[in-house]
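Student: Submitted below is the structure of interest, expressed as C-alpha cells.
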Amino acid sequence: MNRKIILVGLNHRTAGVEVREKFALTDLEHVEKGLLAHCPLQECMALSTCNRVEIVAVTRNVPEREAMDAVIQYWAGVCKGPADLLWENTYRYADLEAVEHLFTVACSLDSMVMGEPQILGQLKDAYRSAVDEGSAKTIINRLLHKSFSVAKRVRTETAIASSAVSISYAAVELAKKIFGNLSGTKAMLVGAGEMAELAATHLLHSGVQSIIIANRTLSRAKELAANLGGEPIQIESMPDRLPDVDIVISSTGSPVAVIKAKDVKQVLKRRKNKPMFFIDIAVPRDIDPDVNQLDNVYLYDIDDLKEVVEENMAQRQEEAGKARAVVGAETVIFSNWLKSLELQPTIVDLVDRGEEIALRELGKTLKKIGQVDEKTRNALETLVLSVAHKTLHEPICFLKRRTQEEGSAERFIDLARRMFNLDDETVPSTAHMDRKTTACSPEDIEQFIDASKNKEQ
C-alpha cells in the first residue's frame, strides 16, 4: 500500500494576521467534504484557529507534492485567494514529519503561548467535526486519539502547563501594562466563546470592576454573565454601551469587522477622549485597524501579543525539551502501528499472541497436575499450539479476503489489532462508549464475527 499522511498548514510563525484571516476556514464540514470530492484523498481533517489553519490528510498511490498542491488549490479556491500566496506561507509535512508535527501541536509546543490548553480542545472539536462528516477514518482516527494521549502524557510527565497561560491571559497582561492597575476599570467582551470566557476570568482576577458581555446569541451571553457576574447584551446594542467601558476584548467568528473606526470616533467624543484599550483576538479581525489611528485609543491584535507571550516562554524551555522527547518516542510508536497495517506483520503478531497465550495456560496447568515426562509435555505443547493455530485460522483467512477489497484493508487490520490488543495498549473501560470516536462501528464488529462464522465462497 503506497499510503501517505500529508499535512499542509500555516500559523503565526509563517504568516501574518492578514494572510491568516484571508485563508481562515469557517465551515469545516463543508471543507472536508469538498477536499474528499475534489482532491486525491481518502481521509482528511481541517483545523482552523486564530493562530493556525491546518489540513491533515491520507492519500494513496499519489505523489505527495501532487496531493499537497491539490489541497492548496482547493483551500485557496474556498477562500477566494491566490494559491501562490497560500503556498508561499504554508509549511508542508509528509508521513512521520506530519505525525510529529500534529503531536507537537496537540501538546501546545507549537502554540504562540507554549503550554496553553486551548489548542487541545480546538483539536478535539475539529476531530469531532471530521468524524461527523465521515472524513476521519482508520488512520486519522488513530492519529488523533494518539495525539490526545500524547498531550495527556506530556501534561502528566512535564511542567509545560504550570502556571498555564493563554492568548486571553496575555491580552489581560497587556491591559495591565497600559492601565497599570485595572481596579475600577470597566470591560466589555464582544463574543461569548471559550476565548472570551477565559479573558473575563482573567479580567475579574485582575480587579476589573464590571464586565459587559455582548453576543449575537443573547442566551449564551446570559449564560456566561450568570457564571461571571456580568451584564449580558445583544451585540446590536454594543455601540450604545461602548462609552461606558475602558477595555474591549473582541473574539467573534464574524467574517467582517464588528467595530468600525467611525463608530469609535463617536464613542470617544462621548467619553470626552478618555483613553480606551482594544484587544482584537479574532481571525478574521473584529476591529477595523484604522481605530489605531485615533487619539487616546490603543488597539492590539494577536500578532501584537507576541511580546507578552515571549516573556512567558523563557521559563518553559527546559520543560519543552522533555515534552519533545515524549513526542519523539510516541512518533516512533505510531510509526510501528502504521507499518503493522500491512497484513503480514499482523498475521505474525496474531500467531505469536495465540502461541503466547497457549503456552502460558499450559504452564499454569502443568503446575497444577505436577511433574510429567518430556514426551507427555511435548504432546501437550503440540496440542495447545495446534488449538491456537486452528482458532486463528478463520480470522486470518477473513483478513486475507478483506484486505483484497479496495478501501477495506486498513479498517479490518486495525480492527483485528484492537480486538486482540496486538499493540499491548492499556484501554480504559469507557474507551468505546462513544460510537463516534471509535475507528470501527458495532456494525463492523458484527460483520467481522458473522463472516468468520460463515465462510465466504
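The values are calculated or read from the model by the stated rules, or taken from the named source; none is laboratory data. Quick caveat: nothing in here was measured; it's all calculated off a predicted structure. All Cβ positions, glycine included, derive from the backbone under ideal geometry; neighbour counts span all protein chains shown. Side chains are part of the model used for accessible areas, which takes the heavy atoms of the whole protein and leaves out ligands, DNA and RNA. Shrake-Rupley method; radii C 1.70, N 1.55, O 1.52, S 1.80 Å.
Student: Using alpha-carbon pairs under 8 Å, 6+ residues apart, how would you state the relative contact order of the range 87-179 in percent?
Tutor: 34
Student: If you scale each eigenvalue of the Cα gyration tensor by 5 and take the root, what three semi-axes come out for the chain, rounded to whole angstrom and sorted largest first?
Tutor: 53, 24, 19
Student: Then there's this: Helix 28-38 versus the longest principal axis of the chain: what is the Cα-based angle in degrees, 0 to 90, to the nearest 10?
Tutor: 60
Student: With every protein chain left in place, what is the accessible area per residue of the chain in square angstrom, probe 1.4 Å?
Tutor: Normalised by residue count, the accessible surface of the chain is 47 Å².
Student: Under Stokes-Einstein, with the Kirkwood radius over Cα pairs standing in for Rh, what whole-number D in µm²/s applies to the range 5-157 at 25 °C and 0.890 mPa s?
Tutor: Translational diffusion coefficient: 161 µm²/s.
Student: Determine the sum of side-chain charges near VAL327: Lys and Arg each +1, Asp and Glu each -1, restricted to other residues whose C-beta is under 14 angstrom from that of VAL327.
Tutor: Combined, the nearby Lys, Arg, Asp and Glu give 0.
Student: Something else about it: If contacts are Cα pairs under 8 angstrom and at least 6 residues apart, what is the relative contact order of the chain in percent?
Tutor: Across the chain, relative contact order equals 13 percent.
Student: Okay, moving on. Would you kindly derive the ³J(HN,Hα) couplings of the range 362-378 from the backbone phi angles with the Karplus curve 6.51 cos²θ - 1.76 cosθ + 1.60 (θ = phi - 60°), listing them in order in whole Hz, with x for Gly and Pro?
Tutor: So the J values, rounded to whole Hz, are 4, x, 4, 5, 4, 5, 6, 8, x, 5, 10, 6, 4, 5, 5, 4, 4.
Student: Dipole of the chain, Cα-centred, from +1 at each Lys and Arg C-beta and -1 at each Asp and Glu C-beta, to the nearest 20 debye?
Tutor: With Lys and Arg at +1 and Asp and Glu at -1, about 640 debye.
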